[in-house]
Amino acid sequence: MTQRLDRIEAILERTAQSAEANSTAIEANAAAIDGNRVAIEANRVAFAQLRSTVNSLVQVVEIHHLNHEATQRNFEGIVTELREIRSEIRGLRTKSQRILEHLFGRQENGES
């Protein structure tokens with residue numbers, strides 16, 4: 001019976017040592033867990049700021065895209081107007097050439 005009690009005492013001693021080691025590990029893990037909570041919170045804040053920044057950049061890109069489209073339409077309108085002006089200039093050039101030919105043709109005919 002003494003042997004049995006000795007074995008039980010040894011088991012109890014090992015269990016107490018394990019419990020003590022577990023308590024120490026739990027305390028160490030608790031500090032690490034608290035550190036992880038702080039890091040997680042910092043990451044949450046950083047992600048929220050990043051999301052906000054990305055949303056702002058998307059809005060800027062959308063505005064620039066709309067401005068680009070408007071500029072493109074304006075440019076196409078200007079090109080169309082320039083083509084019309086060129087055509088008008090060609091017509092005026094032709095008319096003025098005819099007028100000059102008519103005037104100089106009369107003078108040559110009058111001089112002859």
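The values are calculated or read from the model by the stated rules, or taken from the named source; none is laboratory data. Everything numeric in this text was worked out from a predicted model, so none of it was measured. Quick note on the areas: whole protein, heavy atoms, side chains included, nothing else; ligands and nucleic acids left out. Shrake-Rupley method; radii C 1.70, N 1.55, O 1.52, S 1.80 Å.
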Problem - Cα gyration tensor of the range 54-94 - equivalent ellipsoid semi-axes, whole Å, descending - result: 39, 4, 4
Completion exercise
Per-residue ellipticity at 222 nm attributable to helices in the chain (runs of n ≥ 4 DSSP H, -39500 (n - 2.57) apiece, nearest 500 deg cm²/dmol) works out to -38000 deg cm²/dmol
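Compute the semi-axes of the equivalent ellipsoid of the chain, taking the square root of 5 times each eigenvalue of the Cα gyration tensor, and list them largest first in whole Å.
Details: eigenvalues 2154, 25, 13 Å².
They are 104, 11, 8 Å, listed largest first.
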Practice task
Leaving out ligands and nucleic acids, note down the accessible area per residue over the range 1-96 with a 1.4 angstrom probe, in whole Å².
Solution key: 91
Exercise for the section: Run through every distinct alpha carbon pair of the range 13-71 and return the Kirkwood hydrodynamic radius in angstroms, one decimal place. Expected result: 15.6
Problem - Whole-Hz couplings from phi, Karplus 6.51/-1.76/1.60, listed for the range 46-56; x for Gly and Pro - result: 4, 5, 4, 5, 5, 4, 5, 5, 4, 4, 5
